[in-house]
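Below: the structure, in structure tokens.
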Amino acid sequence: MKKITIAILMLLGTYSNASAELGMNVGVSGQMGVFTGQGHETMGTVDKKGAETAMAVFGYASIFVEKDLGQYLTLGIDFVPDSMSSETEERIRDTKFGDATSVTTNNVKVDFEDMITAYAAVNVTENFYVKAGLVEVDVITKESLGTGGAYPNTSMDGTMLGMGYNKDLTNGMFVRAEGTYMDFDNIKLSSNAGETKFITVSSLAGLSGKISVGKSF
């Protein structure tokens, strides 16, 4: 999580060096959207099934902390405390050995944990803002492979772009409505089985809508 760690350290440094009169915002968000991506498995140099495209609807809650740097710029960190699980995918493969047929079942499930987004937001008007940031999430593989072996855990890096509307309420409270686009880098996982097997995930991207409630100090 090198990029996010650097972003957090920069943000904390900004907190300590900024003047006390600049504001701080904390809050919670609820987010829902849809992700699409492609994946395929290879054994050696043989593609086992070709690339497959999948789509999934997701929803999660997060907490955020921000620092206002003047009238126009805000730096923030958004953290998802809960894990997000994919559906379990089952594949049954028949392998013929002469007159005999061997049937193997592979079950694959993935959990996404500790998703962190470090971002900067720019106020275009009094209420409307745009934002961009870096995203990192841990990918925990949970598979049962009849063919043997397992795929290691890893992490995914990505970028985020968004825009939203902020409405100030009384007593420092505020609400926001925001649309976000996330795009993740490709990953390739190698099985620890005796034979060389790989899973490649590519073109993973998503659109989401977010509602946030927070308080300024």
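Before moving on, here are some points about what is shown:
- If you filter segment 167-193 down to residues that are of a type in the set (Val, Ile, Thr) and more than 30 Å from Ala150 (Cα to Cα), you find that the one that is surrounded by the most Cβ atoms within 10 Å (Cβ to Cβ) is Thr180.
- Selected residue (only one of Thr95, Thr36, Thr105, Thr14 is modelled with pLDDT under 95, hydroxyl-bearing (Ser, Thr, Tyr), assigned to a strand (DSSP E or B) and within 25 Å of Val135 (Cα to Cα)): Thr36
- Meets criteria (charged (D, E, K, R) and modelled with pLDDT of 70 or more) for Glu143: no
- Residue match in segment 167-182 (condition: of a type in the set (Gly, Ala, Ser), within 26 Å of Gly37 (Cα to Cα) and modelled with pLDDT under 95): no
- Count of residues meeting criterion [part of a strand (DSSP E or B), of a type outside the set (Gly, Ala, Ser) and open to solvent by less than 50 Å² (accessible area, probe 1.4 Å)] in segment 124-141: 9
The values are calculated or read from the model by the stated rules, or taken from the named source; none is laboratory data. Computed from a prediction, not measured in an experiment: that's the story for all the values here. Glycine gets a Cβ as well: all are built from the backbone with ideal geometry, and neighbour counts include every protein chain shown. Accessible surface areas use protein heavy atoms only, side chains included; no ligands, DNA or RNA. Shrake-Rupley method; radii C 1.70, N 1.55, O 1.52, S 1.80 Å.
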